[in-house]
Structure formats: C-alpha cells, structure tokens
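Take a look at the structure below.
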Amino acid sequence: MSSGRLRSGLPGAAASPTAGASVPTRRPSLLRNWAYVLRTTNPPAGRVDPVSRWLVLTRAAVLPMTITAALIAGLLAWWLQPHEVSVGWWLLASAGIVLAHVANNLMNDLFDLEVGTDDEQYPRALYAPHPVLSGMITRRGLLRAALAVNVVDLAILVVLFLARGWPVVAFALGGFLLSAAYTAPPLRLKKHGLGEPTVLVVWGPLMVCGTYYAATGHLPWEIVAASFPYALLCTTVLMGKHIDKIPWDGPDGTHTLPVLLGERRARVVTQAMTVGFYVLVVALVAARALPVPSLLVLLALPRLVPVWKAFSRPRPDAPPEGWPIWPLWFAGLAFAHTRRAGGLFVLGLALGVAIGW
C-alpha cells in the first residue's frame, strides 16, 4: 500500500516519522503548536508552551472520539425528543465525559507506570513522550492532575444528579469503575483481554446513553441500540493499537484481545468491526432508530478501502515518510477511518434533525 493514499487522512500526516522530530521552517505560532500536538500527540520542536504541554500530557489528540460521542447523543436527543432536550444539561454532561476521558488518560499512564508496564522501550514512550519518563511531569504531579480532573468531574456529577437523579450516577460510576479497572490493580482488565469490550461499553451505552439521559431525562430503546455503531469504531482504534503492541505485550504477559487471538485473527476481527459499523447503521435506519441521513456514513467507504487493505497485511518493518506515531501503525489507520466515518455520522444526524426524518 502506498503511504500517499492514506497520508491526507492520517493524524500528523505532515509530521516527521519519529515522535516530535519535525523542525519547522519558521517559528510556529501558538495555534500552530497546538494544532501540531492535536495532530500528532507529540510536542512541537523547541520550547513547549504550557498549553501544548498539557495537550501532550492529557493525550488531547484522541479526545475528539469522546466529543463525537457527545455530539451523537445530543443530536439523537434533538431528533427523537426535541421538546425534552435541555441544552444546558447536555453541555454539562458532554464536558463531564470529556473530562472523564482526560482523567482516564492520566490514570492509565500513572497505573501502567506503577505496575511496570510502561518503560523507555515500551510503545507508550516511543510514539509520544510519556508524561513521567520524559520528565514533563513528576509522578506526584501526574497524580495531582488526575485527582484534580476527577474532583471537577465529581462536581459536575453532583449537579447532574440534582437535576436528573440516580440514573446519571449509575452511568458515571459505571464509566469510572471500568476506566480505572482498565489498567489499575487488581482487575487490570487490559491484561486479561477485557480492555476492548470495556471500550465498546464505555463509548457506547455509558457515554452516549448517559449523555442522552442527562439531556432529556429519558432513555428510549432506540438510543441504546444507536449507541453501538460509533462504539465499534472506537474499539477498532484500540484493537489496532493492541495489534501494534503485540511484540511487547505478549512477552510481558499482558493478554490483550489481539495477543489472545494472534495478530492475523485480530486484524480480521478488526476488519469485521469496521464493516459492522456500516451494517449496524443501515439496520438501525431501517428500524427507524436512526434518521435516514445517517446513511451519509457510506461516503466513508472509500477511506475504509486502503485501511482494509493495510489490515490485510502485517505491519511494515519501518514507518513510511511522514508517519509521526511509530511504532503504532494499525492504530493510526483505524483512527483515520474512525475520524472520517464518525464525522459523517454526526453530519448525517445533524441533517436528520434539520429535516425531521
């Protein structure tokens, strides 16, 4: 597969193939710095401003997946129950799930470091700077940051509880427990092949349904069903990442689902998940659980073709020119497809709200 066919849709396409190694031809502005971090997960060359530093520490490049889940929930609410929607509670719940994702990223780095998974030779420290191992922050500082974000999230939860009742607490608590248990002892779900199902549940029923409930105070069956297509896409990103990490995770005893399946079968399962997204959207439109314009997602199929072909072959031995997150390969491909398909899904839902069908 030619890297040029994928370059236009990949995060950090214009960056260098090694983490943070690009040298700009002119002094970048702050906005250019921030865009670089959000595109590549890496800090810009030269002095790193405070905002760029925190964008790197929180892995803000992947937060659009959660923002998309929030948009899906809100648009479904405006389509199905337009007179019941509270924009304020939807915005607050959306902020809550984004902050929860931030807290999860911080806690994962902390827990993986504490249990010895992350070191200088592990992919987490190779495709982007590890917060502690790179010296960007201390262990204590990382812990304080995670606690601070969780405290703010708790305050949001209290407000939503007063407005919507105990179901909001159930959604939030379920998401927190699964996210923490993903890497934290004693469960360490990722280590036992349960990390991928966790992402499916968190980005689907918990995020989308929880945000929808906060916005409307109701949860029809259509929303539970409609929460799964995008969750499948998010799971393909984690599958790709864990396929990339098989050479490290297998010997380490971290039995992610791709380690348990083996690389070839894991690639096939991930391909099936990408197709499952489109099949689910079409089926849910037919069942009137999604608006008809949701079928705009089919326009993402051309982006899927080169990604599908890449998943049909093992990872290359070296990154193509302009690849910024090596040794991750399949994760970047899956993310590019998820970004395109998720964006079209949001656009289709917005059109469904606008025209009422």
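The values are calculated or read from the model by the stated rules, or taken from the named source; none is laboratory data. Quick caveat, the model's predicted, so the values are computed rather than measured. Cβ coordinates were reconstructed from backbone atoms using ideal geometry, including for glycine residues, and neighbour counts include every protein chain displayed. Please note that ligands, DNA and RNA were not included when accessible areas were found on the heavy atoms of the full protein model with its side chains. Shrake-Rupley method; radii C 1.70, N 1.55, O 1.52, S 1.80 Å.
The table below lists the values:
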| item | result |
| --- | --- |
| Longest segment of the chain lacking GluC sites (Glu not before Pro) that sit in a DSSP loop with at most 16 other Cβ atoms within 10 Å | 121-320 |
| All lysines inside 20 Å of residue 191 as judged from Cα atoms, apart from same-chain residues fewer than 8 positions distant | 241, 245 |
| Per-selection metrics, region 233-357 (Cα): Rg and Dmax in Å | 16.4, 54 |
| Whole-number percent relative contact order across region 38-144, with pairs defined as alpha carbons under 8 Å at least 6 apart | 27 |
| In sequence order, calculated HN-Hα J values of region 74-91 (Karplus, 6.51, -1.76, 1.60; Hz; x Gly/Pro) | x, 5, 4, 5, 5, 7, 8, 9, x, 7, 9, 7, 9, 4, x, 5, 5, 4 |
| Extension gain, residue 287 back to residue 301 (0.36 nm per residue minus Cα-Cα distance, nm) | 2.8 nm |
| Rounded percent of accessible protein surface that carbon and sulfur make up, the chain, 1.4 Å probe | 68 |
| Kirkwood Rh (inverse of mean 1/r, distinct Cα pairs), region 163-304, angstrom | 16.4 |
| Fully extended contour minus Cα-Cα distance, from residue 219 to residue 317, at 0.36 nm per residue | 30.5 nm |
| Fully extended contour minus Cα-Cα distance, from residue 114 to residue 67, at 0.36 nm per residue | 14.0 nm |
| Whole-Hz couplings from phi, Karplus 6.51/-1.76/1.60, listed for region 182-199; x for Gly and Pro | 4, 10, 7, x, x, 6, 6, 3, 4, 6, 10, x, 10, x, 5, x, 4, 5 |
| The chain - mean residue ellipticity at 222 nm from DSSP helices (-39,500 (n - 2.57) per run, n ≥ 4, rounded to 500) | -20000 deg cm²/dmol |
| For the chain, alpha-carbon Rg and Dmax in angstrom | 19.8, 55 |
| Neighbour cut-off at most 13 other Cβ (10 Å), DSSP loop, trypsin sites (Lys or Arg not before Pro), region 281-357 | 288 |
